[in-house]
Amino acid sequence: MAGVTAAAGTDTMDRRDVVEYLLANRKRALVISGLGAPTYDVTAAGDDDRNFYLWGAMGSAATIGLGLALAQADLPVLVITGDGEMLMGLGSLATIAARQPRNLTVIVVDNERFGETGGQHSHTALQTDLEKVAHGCGIENARTIRSKKELSEFAKLTENLSGPLFACIKVKSANKPRVLPIRDGVQLKERFRKAVLDQESAL
């Protein structure tokens, strides 16, 4: 799969390449990015009015994605967040399973680190298996992705509005340079709202 590199001797992928690949063919997708590195990754792949970047509200990326998916049932919604942020909001997976939004995909870019507080090991480096958590909550199509081939197969599923989908994508722990999007919350909200309305009217 072009554009996604792996570490020497492993099939652990580069986080920025993974996000760029996922967004390369986003079509009508609305994107919610979790705070910290996932937001930098999404911005690095190309700023877009249909991106809603979380500068705070840790643990809320999946719930915001769920609300958007329910409100815009004909548009694909893609949540891209990190393992630390997802660990803080595990209960959201149970609510997603209860509502079963067919247009929602939750992707955890899992470097097994708390990147915003110094790179300490997160729970996913120890005993926590996010795929099993998602399955246990009732999300039938949940998986852990460790290779380029698995990523390619999963990306095809996201095009079919057959969700909810959940993927924990294992990536290298190396930090990437920060690529910052706009930080004005009002501007971000207004441009995203307009983009959603534009997408809606185009259906």
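The values are calculated or read from the model by the stated rules, or taken from the named source; none is laboratory data. All figures in this text were calculated on a predicted structure; none of them were measured in a lab. Reconstructed Cβ throughout: ideal geometry from the backbone, glycine too, with neighbour counts over all protein chains shown.
Name the residues in the stretch 147-181 that are out of contact with any strand residue (DSSP E or B) (no Cβ under 6 Å at 6 or more places or on another chain), outside any helix (DSSP H, G or I), closer than 19 Å to residue 26 by Cβ and hydrophobic (A, V, I, L, M, F, W, C), would you?
161, 179
If you take the residues in the stretch 30-79 that are more than 22 Å from residue 100 (Cα to Cα) and among the β-branched types (Val, Ile, Thr), which one is farthest from the chain's Cα centre (by Cα)?
Result: 43.
Within the stretch 84-93, restricting attention to residues that are in a helix (DSSP H, G or I) and within 16 Å of the chain's Cα centre (by Cα), which residue is surrounded by the most Cβ atoms within 10 Å (Cβ to Cβ)?
86
Hey, can you tell me all the residues within the stretch 24-43 that are in contact with a Gly (Cβ under 7 Å, 6 or more places away or on another chain) and either surrounded by 24 or more Cβ atoms within 10 Å (Cβ to Cβ) or within 16 Å of residue 65 (Cβ to Cβ) (or both)?
Those that are in contact with a Gly (Cβ under 7 Å, 6 or more places away or on another chain) and either surrounded by 24 or more Cβ atoms within 10 Å (Cβ to Cβ) or within 16 Å of residue 65 (Cβ to Cβ) (or both): 32, 34, 35, 37, 38.
Restricting to the stretch 103-123, and then to whatever is modelled with pLDDT of 90 or more and over 17 Å from residue 41 (Cβ atoms), can you tell me which residue is surrounded by the most Cβ atoms within 10 Å (Cβ to Cβ)?
In this case the residue turns out to be 104.
Could you please find all residues in the stretch 94-130 being assigned to a helix (DSSP H, G or I), touching a strand residue (DSSP E or B) at 6+ places or on another chain (Cβ under 6 Å) and closer than 22 Å to residue 23 by Cβ?
130
Test each condition in (1) over 14 Å from the mean Cα position of the chain (by Cα); (2) closer than 28 Å to residue 27 by Cβ; (3) at pLDDT 95 or above; (4) hydrophobic (A, V, I, L, M, F, W, C) for residue 133 and report the one that comes out false.
(2)
Check whether at least one residue in the stretch 94-102 is crowded, with 16+ Cβ neighbours inside 10 Å and under 14 Å from the mean Cα position of the chain (by Cα), and report yes or no.
The answer is no; no qualifying residue exists.
When you scan the stretch 131-139, do you find a residue that is assigned to a helix (DSSP H, G or I) and surrounded by fewer than 16 Cβ atoms within 10 Å (Cβ to Cβ), even just one?
Yes; the residues of the stretch 131-139 include at least one that is assigned to a helix (DSSP H, G or I) and surrounded by fewer than 16 Cβ atoms within 10 Å (Cβ to Cβ).
For the stretch 170-190, indicate whether the set of residues that are in contact (Cβ under 8 Å) with a residue 12 or more places away in the chain, touching a Ser or Thr at 6+ places or on another chain (Cβ under 6 Å) and closer than 16 Å to residue 77 by Cβ is non-empty.
no
Considering only the stretch 147-203, how many residues are among the basic types (Lys, Arg) and in contact with an Asp or Glu (Cβ under 8 Å, 6 or more places away or on another chain)?
To start, the set of residues in the stretch 147-203 that are among the basic types (Lys, Arg) comprises 148-149, 156, 170, 172, 176, 178, 183, 189, 191, 193-194.
Filter once more, so that each one left must be in contact with an Asp or Glu (Cβ under 8 Å, 6 or more places away or on another chain): 148, 170, 172, 176, 191, 194.
Residues flagged as among the basic types (Lys, Arg) and in contact with an Asp or Glu (Cβ under 8 Å, 6 or more places away or on another chain) within the stretch 147-203 amount to 6.
Go through the stretch 65-75 and report how many residues are in contact with a helix residue (DSSP H, G or I) (Cβ under 7 Å, 6 or more places away or on another chain) and surrounded by 16 or more Cβ atoms within 10 Å (Cβ to Cβ).
Total satisfying the criteria: 3.
For the structure I just gave you, tell me whether residue 143 is touching a Pro at 6+ places or on another chain (Cβ under 8 Å), within 23 Å of residue 66 (Cα to Cα) and in contact (Cβ under 8 Å) with a residue 12 or more places away in the chain.
no
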